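The values are calculated or read from the model by the stated rules, or taken from the named source; none is laboratory data. This one's a predicted model, so the numbers in the text were calculated from it and none came from an experiment. Cβ atoms come from the backbone with ideal geometry, glycine included; neighbour counts cover every protein chain shown. Ligands, DNA and RNA are stripped out before the accessible areas are found, and what is left, the full protein with its side chains, is counted by its heavy atoms. Shrake-Rupley method; radii C 1.70, N 1.55, O 1.52, S 1.80 Å.
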Amino acid sequence: MTKLRAAITAIQGYVPDFVLTNEILETMVDTSDEWITTRTGIKERRIQKGEGLATSDMAVEAVKGLLIKSGTKPEEVDLMICATVTPDMVYPATANIICDKAGIKNAFSYDLNAACSGFIYALVTGSQFIETGKYKKVIVVGADKMSSIVDYTDRQTCVIFGDGCGAVLLEPTTEETGIMDSILLSDGSGRIHLHQKAGGSLRPSSHETIDNKEHYIYQEGQAVFKFAVTRMADTAVEIMEKNNLKSEDIAWLVPHQANLRIIDATGKRMGLPREKVMINIQKFGNTTNGTIPLCLWEWENQLKKGDNIIIAAFGGGFTWGAIYLKWAYNSWQLL
Ligand code: UT7
């Protein structure tokens, strides 16, 4: 029997208009453009402004664009998975809300939380429903309004994160393209280094948790950096070896955009020149679940059918992993 694979057949990103530059941050906390640029590679990030706007509002922009671009009717969508750490509400799932706002009526939908690795976890999860032949059109969204959980008086975290999202359509193919392989891992003992202290069942919201600023991101940067830099590179190299891929076989590395130094270290371990690494951290910062689809969206016009792509991510949990993807279309096919 011919093997069904899940191929990305369209991609769309969205970032809000407001640009929070390093220069603006210099007026808010004790930091400098020089420190942020040399330690992280970030120059600016986007922030969703406006009363009553949430993660789903950004995601809907991406999803609507995706439907138009791919000529898909909302009622044709079978499943939507939204990877996010900043859901509109604790429940229902943001994916339910996105479907409602985008007019997607015949799909089941749910959220997936694997912190910064959420998008690759969701991509692999979504691809299973395609590979089994059960469903034909699966949308995977990676979306985060990080500004809703950033403490803008904490210079260690507020310079890093931004808001943004992306969405991909997964469809079946019998060609040798699509998601070829994946390695996904987690180690929950890493939670001590990166978490949000309150708002869950461990520490429900209270006046005290608000006063203690426990609803913001807590990150021990250096500890996370050490794990991220080794795990992301190790896994990217492992998936190359597992699939007999040499550096010259790889068209692109799509790394999670947490820190330019982590991205460079991963590219180096894989033996790739900078030109083969998608980097947009300077413009968008770390949008958590948005980073990888935003890269694919920005580079879409340069991607060719059959390109070997390695996606790699590391995030809170800890969670990490890599995907080997063979790009399924030339972008002009969509024009
Ligand atoms: O996305 C999911 C996973 N997250 C990551 O992968 C993030 C991994 N970690 C990192 O990217 C980096 O650790 C950070 C960018 C968060 C921090 O960079 P670092 O080079 O590890 O800096 P550090 O925390 O070791 O701090 C070095 C110094 C400290 O001052 P002292 O103690 O040496 O005097 C900090 O207080 O830099 C100081 N510092 C700052 N200075 C100016 C920390 N934040 C800032 C800032 N501006 N914004």
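For the chain, a Gaussian network of Cα nodes joined below 10 Å ranks E51, E131, E208 by mean-square fluctuation, and the top entry is E51. Taking 29 Å as the limit for the C-alpha separation, the pairs K43/K268; K145/K226; K43/K242 exceed it in the case of K43/K242. On the basis of the beta-carbon distance and an R0 of 22 Å, Y110 and M180 show a calculated FRET efficiency of 0.30.
Diffusion coefficient (Stokes-Einstein, Kirkwood radius over C-alpha pairs, 25 °C, 0.890 mPa s) for the stretch 131-190: 158 µm²/s, rounded to a whole number. Full extension of the chain segment joining N244 with K197 gains 12.7 nm, where the gain is 0.36 nm per residue of separation less the Cα-Cα distance. Here the label points at N330 and L4, each 7 Å from Cα along the C-beta direction, are separated by 2.8 nm in the simple model.
For the pair T37 and Y91 in one chain, pulling the backbone fully straight at 0.36 nm per residue adds 15.7 nm over the alpha carbon distance.
Per the Kirkwood formula applied to alpha carbons, the chain shows a radius of gyration over Rh ratio, Rg over Rh, of 0.95.
The value of relative contact order for the chain, using C-alpha pairs under 8 Å at least six residues apart, is 25 percent.
Taking T291, T38, T55 as the candidate residues, the one with maximal mean-square fluctuation in a Gaussian network model of the chain, Cα springs under 10 Å, is T38. Which of rounded, prolate, oblate describes the stretch 180-334, given a ≥ b ≥ c as roots of the alpha-carbon gyration tensor eigenvalues and a/c under 1.5 marking rounded, otherwise prolate only if a/b is larger than b/c? Here the stretch 180-334 falls in the prolate category. When each of the peptides 243-251, 229-237, 273-281, 88-96 is scored by how many other beta carbons lie within 10 Å of its residues on average, the order from highest to lowest is 229-237, 88-96, 273-281, 243-251.
Using a cut-off of 16 Å between alpha-carbon atoms, which lysines can reach K213, once sequence neighbours fewer than 8 places away in the same chain are excluded? Output for K213: K197. Using heavy atoms of the protein chains and a probe of 1.4 Å, the accessible area assigned to T72 is about 10 Å².
The mean sequence separation of alpha-carbon pairs under 8 Å and at least six residues apart, normalised by the residue count of the stretch 5-177, gives a relative contact order of 34 percent.
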